[in-house]
1. Note the full-extension length gain between E31 and E19 as 0.36 nm times their separation in residues minus their Cα-Cα distance, in nm to one decimal.
2. Run the numbers for E4 and A57: contour at 0.36 nm per residue of separation, minus the present Cα-Cα distance, in nm.
3. Exactly which chymotrypsin sites (Phe, Trp or Tyr not before Pro) in the range 6-58 are in a DSSP loop and have at most 12 other Cβ atoms within 10 Å?
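Throughout, read-outs are computed from the coordinates displayed, never taken from laboratory work. Everything numeric here is computed off the predicted structure, so don't read it as measured data. In this analysis, Cβ positions are derived from the backbone assuming ideal geometry, glycine residues included, and neighbour counts consider all displayed protein chains.
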Amino acid sequence: MLVEVKKLHGLTIHALDGEVGKVDKFLFEDEFWIIRYLIVNTGNWLLDHKVLISPLALGSIDWELQRRRWARTQAML
């Protein structure tokens, strides 16, 4: 399914234990223009903490609630 990047920006990422953060930016592969990583802001207004998450680790998008769920059921170590 093709989705515009602007629709993914700001999407909330949810894990099994609740909200992880919001999609802030994207890292693209320059040859094929494929999203390789999502940069997710996991901090709050005081602490700015960003992590890289592979799109392969994500599950389905809940467009009604504007959030994306983890595909994995176990924590990645």
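1. 1.0 nm
2. 17.2 nm
3. Counting only loop positions with at most 12 other Cβ atoms within 10 Å, the chymotrypsin sites (Phe, Trp or Tyr not before Pro) in the range 6-58 are F32, W33, W45.
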